[in-house]
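A.B. asks: Below you'll find the structure I mean.
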Amino acid sequence: MCRSKWTWIGTLFLLGTLLLSAPLLGGCTAAKAEDRPPATDTVEPAPAVKPSDPAMALDAALAYIREEYGDSAPAAGIAWQAEDATPGGLLGSNTTRYTAEGWTVTVLTPVVNPVDVVYEVTVDNEGLGFHWAGKVDATGQVMTLEAPDSVEPAPADLPGPATARDAVLAYIAAHDGPSAPAGIAWNEQNVTPEELLGSTALRYTAEGWTVTVSYPIVAPEYTVYHVQVVDGASGYTWEGEVDATGTVSDTFARELGSRPRTVTGWLGYVNSTPLGAQFDDYLVLQPEGAGQVGIAGATEALENEIVAMRDQPEPGKMAHFWGTLSCDVPDYGGCQLEVSGLRRGAVATEPEPVEGWQGTLVSNPPGMQFDDYFVLSGTYPVAYGLHSLDPQLQSELEAMRDTRTAFRVWGILRTGVPDAFGSQIQVERIELE
């Protein structure tokens, strides 16, 4: 009997335990996958990263400089020429050089994640003595590192090339010359040779008139404009200067006319004048912008050869000329080169002496076949190649490139040889002015 009672009590205890534990077991049961709530977290796409942009750094730096320095900064809207100036073998950065109207802007771009890029920018104008250096970050924020020592804006009334042109035309009309039509619409063309650094030549044409304005790239208050005017209808020609105050002078040709000048190996080509003009042809000196003069052969054979050269196309239109240049004479531009000899084609000339020729040395742009050239001082800046066999003297010459240092040179000249403008002065001695 006792055994049966114990079994009943044990059974009740076991059933109670199971009933009490059932909810707990149910609460620990894993939920089915379809019963789970959807995830609420979302994955945002990575923001687009813009590539490095040196042009952006250029624009940001220029905008900052214009705000800080006003008219002394590069003008808005000028056309910049871009080139890759990264030194060969340099890894980790790229250099872009922008040039326009005497200004040079260099942008160094490090090769890093574009969002972390900081551009290093320099802005220079040697003629104005302007130098600025700074940094531009990827957002266009600018920080100055080096500022110009002193910047004074040029006076607003200083003449530019168009003002110099108009001043000369007014001067001609007031001195019994022909008058250009009022309101004439000029066509402007930049005729500066690619290899000529440090100066600009602009040609204005309209209704038979041609006005060529050449000027060095220097501070505006020091600029002197050399102006040549031709009226194709009447054959009238004029040559002179306009200084930084706007004063017109035609004394250049007259001073030269008082003493004929010996011409040795000047490079140029012959153009004919329009039908009905007073004179039939003229010589265009090289480089372009060096000047234009009337031309005539000292003999019938030379005159016939000059006539045959008129308006010839490239290649083969160029020639080197020898003779005597006289001004204040009735010929194109008031000057005439009487030709005593000329060289065309692949003929090399015998060496001839160079004694005390005055000029400056100018660099050719990178990539040109020849590294520099010698430009004669005076009214007609004709150019020659130049070199010295003396290493010490050659080093001195190279140090004077683009410094505008005038010097005199002694040596020998050959034309028809592989150097700048088909000629070379082999330098034996120099003297600084």
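A.B. asks: So the check is Cβ under 6 Å with 6+ separation or different chains; which pairs have a first residue in the range 61-89 that's outside any loop (DSSP other than H, G, I, E, B) and a second one that's of a type in the set (S, T, N, Q) and at pLDDT below 85?
C.D. replies: Partner pairs satisfying both residue conditions: none exist.
A.B. asks: Here are some conditions: (1) surrounded by 19 or more Cβ atoms within 10 Å (Cβ to Cβ); (2) over 24 Å from Y215 (Cα atoms); (3) touching a Cys at 6+ places or on another chain (Cβ under 8 Å). V329 meets all but one. Which one does it not meet?
C.D. replies: Unmet condition: (1).
A.B. asks: Based on this model, can you work out whether T324 counts as over 17 Å from T262 (Cα atoms) and either charged (D, E, K, R) or over 28 Å from the mean Cα position of the chain (by Cα) (or both)?
C.D. replies: no
A.B. asks: Still on this structure: Kindly establish whether P159 is surrounded by fewer than 17 Cβ atoms within 10 Å (Cβ to Cβ), modelled with pLDDT under 85 and not aromatic (F, W, Y).
C.D. replies: no
A.B. asks: Inside the range 317-329, can you point out the residues that are farther than 16 Å from D250 by Cβ and either touching a His at 6+ places or on another chain (Cβ under 6 Å) or not β-branched (V, I, T) (or both)?
C.D. replies: Answer for the range 317-329, where residues must be farther than 16 Å from D250 by Cβ and either touching a His at 6+ places or on another chain (Cβ under 6 Å) or not β-branched (V, I, T) (or both): K317, M318, A319, H320, F321, W322, G323, L325, S326.
A.B. asks: Further question: Give the residue, chosen from G240, G198, that is of a type outside the set (A, V, I, L, M, F, W, C), surrounded by 14 or more Cβ atoms within 10 Å (Cβ to Cβ) and modelled with pLDDT under 80.
C.D. replies: G198
A.B. asks: Please find, within the range 411-433, the residue that is surrounded by the most Cβ atoms within 10 Å (Cβ to Cβ) out of those that are outside any strand (DSSP E or B) and in contact with a Lys or Arg (Cβ under 8 Å, 6 or more places away or on another chain).
C.D. replies: Within the range 411-433, the match that is surrounded by the most Cβ atoms within 10 Å (Cβ to Cβ) is G416.
A.B. asks: For the range 104-119, what are the residues that are in a strand (DSSP E or B) and not hydrophobic (A, V, I, L, M, F, W, C)?
C.D. replies: Selection gives T104, T106, T109, P110, Y119.
A.B. asks: Counting only residues that are without any contact (Cβ under 8 Å) to a residue 60 or more places away in the chain and part of a strand (DSSP E or B), which one in the range 365-374 is nearest to G289 (Cα to Cα)?
C.D. replies: Residue satisfying both the conditions and the ranking: F374.
A.B. asks: For residues that are acidic (D, E) and more than 13 Å from V230 (Cβ to Cβ), scanning just the range 267-296, find the one that is surrounded by the most Cβ atoms within 10 Å (Cβ to Cβ).
C.D. replies: That would be E288.
A.B. asks: Still on this structure, please answer the following. Can you name every residue in the range 349-377 that is small (G, A, S), surrounded by 13 or more Cβ atoms within 10 Å (Cβ to Cβ) and out of contact with any Asp or Glu (no Cβ under 8 Å at 6 or more places or on another chain)?
C.D. replies: Those that are small (G, A, S), surrounded by 13 or more Cβ atoms within 10 Å (Cβ to Cβ) and out of contact with any Asp or Glu (no Cβ under 8 Å at 6 or more places or on another chain): G359, S377.
A quick yes/no check of all residues on (1) farther than 16 Å from R429 by Cα; (2) more than 19 Å from the chain's Cα centre (by Cα); (3) outside the structural domain of Q424 (by TED's automatic domain parsing):
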site: G356; (1), (2), (3): no, yes, no
site: G359; (1), (2), (3): no, yes, no
site: V362; (1), (2), (3): yes, no, no
site: G367; (1), (2), (3): yes, no, no
site: F370; (1), (2), (3): yes, no, no
site: F374; (1), (2), (3): no, yes, no
site: G378; (1), (2), (3): yes, yes, no
site: S388; (1), (2), (3): no, yes, no
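A.B. asks: Within the set of pairs 6 or more residues apart or between chains, which connect a residue that is within 22 Å of Y380 (Cα to Cα) and in contact (Cβ under 8 Å) with a residue 60 or more places away in the chain inside the range 200-221 to a residue that is among the acidic types (D, E) and not in a helix (DSSP H, G or I) with Cβ atoms less than 7 Å apart?
C.D. replies: Once the first residue is within 22 Å of Y380 (Cα to Cα) and in contact (Cβ under 8 Å) with a residue 60 or more places away in the chain and sits in the range 200-221, its partners that are among the acidic types (D, E) and not in a helix (DSSP H, G or I) give A201/E288.
A.B. asks: Moving on. Filter the range 375-410 for residues that are of a type outside the set (A, V, I, L, M), touching a Ser or Thr at 6+ places or on another chain (Cβ under 7 Å) and in a strand (DSSP E or B); which is nearest to A201 (Cα to Cα)?
C.D. replies: Y384
A.B. asks: Which residue pairs have Cβ atoms closer than 6 Å, lie 6 or more positions apart in sequence or on different chains, and pair a first residue in the range 337-364 that is in contact (Cβ under 8 Å) with a residue 24 or more places away in the chain and assigned to a strand (DSSP E or B) with a second residue that is surrounded by 15 or more Cβ atoms within 10 Å (Cβ to Cβ) and of a type in the set (K, R)?
C.D. replies: The qualifying pairs are G356/R408; Q358/R408; L361/R401; S363/R401.
A.B. asks: How many of the residues making up the range 274-303 are touching a Phe, Trp or Tyr at 6+ places or on another chain (Cβ under 6 Å), farther than 26 Å from D419 by Cα and part of a loop (DSSP other than H, G, I, E, B)?
C.D. replies: Residues flagged as touching a Phe, Trp or Tyr at 6+ places or on another chain (Cβ under 6 Å), farther than 26 Å from D419 by Cα and part of a loop (DSSP other than H, G, I, E, B) within the range 274-303 amount to 1.
The values are calculated or read from the model by the stated rules, or taken from the named source; none is laboratory data. Model, not experiment: these values are computed from the prediction. So basically every Cβ, Gly included, is an ideal-geometry build from the backbone, and we count neighbours across all protein chains shown.
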